[in-house]
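A quick write-up on the structure given underneath.
Read-outs throughout are calculated quantities, based only on the coordinates presented, and are distinct from any laboratory measurement. What you are looking at is a predicted structure, and each value in this text was computed from that prediction instead of being measured. Methodologically, a virtual Cβ is constructed for each residue, glycine included, from the backbone with ideal geometry; neighbour enumeration extends over all protein chains shown.
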Amino acid sequence: MRNVIAIRQGQAQLVEGDSWQLLGEQEAPLPTGALILPLHRWLAQPSGYHGLWLGPDDDVESLQLWLGVLPLIAIDFPSFRDGRGYSQAYLLRTRLGWQGELRAVGDVLRDQLSHMRQCGFDSFAVREDKSAADALKGLQGMSVLYGRSVIEPRPLFRRR
Amino acid sequence: MYHYDEYDRALVFERVAQFRDQVQRFTAGELSEEEFLPLRLQNGLYLQKHAYMLRVAIPYGTLGARQMRTLASIARDYDRGYGHFTTRQNIQFNWVELAQVPDILQRLAEVDMHAIQTSGNCVRNITTEAFAGVAADEIIDPRPLAEILRQWSTINPEFLFLPRKFKIAICSARQDRAAIMMHDIGLYLYRDGRQQMRLRVMVGGGLGRTPILGLQIREGLPWEHLLSYVEAILRVYNRHGRRDNKYKARIKILVKALGIEAFAREVEQEWQHIKDGPAQLTEAEFQRVAEGFAPPRYAAQPDGDLDYGTHLAMDRSFARWVSRNVQPHKVAGYASVVLSTKPGPAAPPGDLTAEQMDNVADWSEHFGFGEIRIAHEQNLILPDVRKADLYPLWRLACEQGLGTANIGLLTDIIACPGGDFCALANAKSIPIAQAIQSRFDDLDYLHDLGELSLNISGCINACGHHHIGNIGILGVDKNGSEWYQVTLGGAQGKASALGKVIGPSFSAAEIPRVIEQIVATYCAYRELDEPFVDTVARVGLEPFKERVYARQPEVSTCAM
Ligand code: SF4
């Protein structure tokens with residue numbers, strides 16, 4: 001994928017030559033290389049080689065069985081105004097214990113990156129017509145978080 | 001009042017800087033209209049018919065004198081010299097320039113205020129009743145928990161793009177003056193048999209296109225679990241609420257589709273995972289926040305003030321004002337005063353000029369402890385006035401056009417900005433309010449009629465809460481012209497009810513006559529001092545319909 005930002009060892013960076021390919025419904029047979037497949041396609045041939053592309057209607061709880069083998073999970077934001085991906089990310093990280101790479105894909109924009117990061121995403125495929133270098137500036141967000149989040153599980157009143 | 005510490009302050013200032021940058025990027029064309037829209041909405045900025053409108057939060061309706069003066073300065077420097085108080089304890093400035101909004105927000109931040117999440121599909125301003133902390137019938141001051149909720153819901157990253165807006169209200173008095181049944185989440189705070197604070201949780205209430213009263217989802221929730229329980233509700237809603245149709249996206253539709261039992265089970269299941277986690281509130285945090293709301297130092301007052309008694313006996317206008325606009329206080333010798341923003345045609349309901357705001361700020365310091373409240377009826381309250389000061393305060397209020405003795409009466413009209421400002425409106429509301437106020441300008445008559453609420457919304461979004469007015473007026477569009485539908489029997493408070501439509505809608509010109517006939521019918525049927533809404537409940541809509549839709553409207557007056 002192009003335009004990818006990733007957080008590695010706590011450092012956000014632009015990724016050169018990301019090898020993942022996001023694969024939609026149509027393309028068959030599968031091209032070679034590491035693919036990110038829609039849930040039902042991935043389930044048709046589960047493998048530790050291909051990543052999973054989770055849509056907002058897909059049930060995160062159903063992934064429990066496969067978390068041990070999955071190399072990457074991408075959560076789709078069909079529109080940046082559709083906030084279901086935030087709850088999916090929260091559940092994957094805190095309830096299901098997903099430790100691998102969690103990538104935001106779709107309508108991923110600078111002004112939402114810090115919220116995504118708070119909810120546990122650690123890589124971001126910024127929408128292709130936007131500059132990833134510019135989007136990087138949105139990752140930091142604000143210094144104060146009142147509530148809690150995936151990366152800061154204690155609400156501010158326990159840190160104040 | 002709650003006082004910001006360095007965290008609260010850092011957040012509002014950083015937010016201003018962030019929005020300043022977003023406005024710049026939008027102006028430079030780096031952000032599209034579509035991308036900018038939710039960003040500006042979450043900073044309170046709407047695009048109205050003629051200009052941008054900025055909605056500023058007044059959390060749970062509590063405001064300090066310094067903050068009120070800042071609002072006045074904003075009205076003066078960035079608007080046309082006035083502001084409009086809304087039914088959700090916000091203030092709106094109708095004529096602001098986009099380029100100046102960051103400066104306005106900066107000015108607000110300097111006095112611990114903001115416009116964060118006053119719009120958009122996120123958790124909105126947390127509201128409570130205007131007499132919190134002073135009402136004689138209060139159980140617990142709800143404001144510490146309201147402030148805790150405000151903080152928790154502010155920029156909570158998981159819940160900024162919900163299916164639709166989300167409103168939470170909390171109340172803790174024998175009378176529900178916060179309309180908690182009308183909210184996405186309504187919280188009722190009380191003490192159990194062992195004096196522990198508990199919450200009754202209502203969910204899925206709301207007005208708008210599908211008006212529904214909230215249903216109880218939880219009884220006896222220990223207060224420590226407030227945040228985790230609300231989080232559970234929001235997560236279930238965020239995941240499962242409808243997003244395909246904005247008119248079906250509120251949580252009430254989800255609750256209705258699943259049924260309250262099934263919805264409650266989902267929430268309970270989610271809650272089990274998080275309830276004993278770090279979101280559990282601590283006594284220390286409650287105390288830290290509650291300190292800000294500690295009662296001021298009331299001075300012991302003589303039980304009966306001689307001057308006050310004399311004025312009451314001698315000055316009929318004053319006595320009338322006291323009977324409507326003065327509320328009992330929990331401390332002897334004090335009272336809460338309601339300043340009416342509904343003087344009649346002179347000013348639209350909820351509007352205050354900069355000069356009036358400055359005066360109210362002065363009075364709050366001179367006659368009280370520098371605190372002001374905003375009621376969801378769009379009036380202002382000075383919560384702590386010594387009874388001995390009521391007379392001089394009344395005189396000053398009258399001079400400033402804020403002393404109308406009509407609280408709870410027919411002319412205390414609640415009205416949204418409507419077609420004069422709002423881009424969504426079907427019809428105007430302000431001229432309708434003014435026409436009714438002109439028709440009923442006899443205060444004696446109004447006092448005889450007694451409690452009667454009248455609410456006007458310019459469209460089905462129901463910002464004027466017309467469903468819960470004893471008389472409700474809703475602007476509707478008929479082939480491009482403005483018409484008005486009338487409902488009767490709505491009520492707020494513990495006996496909340498939604499009004500029923502009486503029949504085909506009316507033109508603007510007909511409305512004063514229609515209201516007059518409704519009132520006349522009430523007079524004909526009421527027994528003794530029966531309030532309007534009780535008469536409607538007892539006799540039903542028929543007699544009203546008969547009179548209002550009669551071919552030749554008979555002329556009748558109320559014989560009293
Ligand atoms: S009720 Fe309609 S017209 Fe009135 S303020 Fe709300 S959206 Fe605008």
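Values as computed for the structure displayed
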item: For region B:1-103, alpha-carbon Rg relative to the globular expectation (2.2 N^0.38 Å, N residues); result: 1.11
item: Cα gyration tensor category, rounded, prolate or oblate, for chain B with a/c compared to 1.5; result: rounded
item: Set of aspartates and glutamates near B:Lys545 by C-alpha distance (under 19 Å), chain-local residues within fewer than 8 positions excluded; result: B:Glu510, B:Glu516, B:Asp534, B:Glu554
item: Label-point separation in nm, B:Leu424 to B:Thr282, each point 7 Å along Cα→Cβ; result: 4.1
item: Fully extended contour minus Cα-Cα distance, from B:Ala28 to B:Arg194, at 0.36 nm per residue; result: 53.7 nm
item: Radius 15 Å from Cβ of B:Asp192, net charge of other residues (Lys, Arg +1; Asp, Glu -1); result: +3
item: Residue pairs, from the table B:Lys167/B:Lys256; B:Lys256/B:Lys342; B:Lys49/B:Lys248; B:Lys49/B:Lys256; A:Lys137/B:Lys246; B:Lys330/B:Lys494, whose Cα atoms sit over 27 Å apart; result: B:Lys256/B:Lys342; B:Lys49/B:Lys256; A:Lys137/B:Lys246
item: Cβ-derived FRET efficiency at R0 22 Å, B:Arg320 paired with B:Glu530, nearest 0.05; result: 0.55
item: Amide hydrogen neighbours beyond the local backbone of A:Ala74, cut-off 5 Å, H modeled; result: A:Leu52, A:Trp53, A:Leu54, A:Arg103
item: Sparsely packed GluC sites (Glu not before Pro) within region A:51-143, loop by DSSP, other Cβ within 10 Å at most 13; result: A:Glu128
item: Kirkwood Rh, Cα atoms: Rg over Rh of the protein assembly as shown; result: 1.00
item: Prolate/oblate/rounded call for region B:428-518, Cα gyration tensor, a/c under 1.5 rounded; result: oblate
item: Computed over chain B: relative contact order in percent, which uses C-alpha pairs under 8 Å that are six or more apart; result: 12
item: In Hz, Karplus ³J(HN,Hα) per residue of region B:536-547 (6.51, -1.76, 1.60; θ = phi - 60°; x = Gly, Pro); result: 4, 5, 6, 8, x, 7, 3, x, 5, 4, 3, 5
item: Whole-Hz ³J(HN,Hα) from phi, Karplus 6.51 cos²θ - 1.76 cosθ + 1.60, for region A:77-89, glycine and proline x; result: 10, x, 9, 5, 8, 8, x, 5, x, 5, 6, 4, 5
item: Chain B: antiparallel DSSP beta bridges as a percent of all, rounded to 5; result: 80
item: Cα-Cα separations in region B:366-468 greater than 18 Å, expressed as whole percent; result: 57
item: Antiparallel DSSP beta bridges within the protein assembly as shown, percent to nearest 5; result: 70
item: Pair B:Glu510, B:Arg265: separation of 7 Å Cα→Cβ label points (nm); result: 4.9
item: DSSP-loop trypsin sites (Lys or Arg not before Pro) across region B:191-270, with at most 12 other Cβ within 10 angstrom; result: B:Arg194
item: Chain A, helix-only ellipticity at 222 nm - DSSP H runs n ≥ 4, -39,500 (n - 2.57), divided by all residues, nearest 500; result: -3000 deg cm²/dmol
item: Charge sum, other residues only, whose C-beta stays under 11 Å from B:Tyr2's C-beta, Lys/Arg counted +1 and Asp/Glu -1; result: -2
item: Ranked by how many other beta carbons lie within 10 Å on average, peptides B:273-284, B:409-420, B:335-346 from highest; result: B:409-420, B:335-346, B:273-284
item: Helix-only mean residue ellipticity at 222 nm for chain B, each DSSP H run of n ≥ 4 adding -39500 (n - 2.57), per residue, nearest 500; result: -11000 deg cm²/dmol
item: 3J(HN,Hα) from dihedral phi, region B:504-510, Karplus parametrisation 6.51/-1.76/1.60, rounded to Hz, x for glycine, proline; result: x, 7, 10, 7, 4, 5, 7
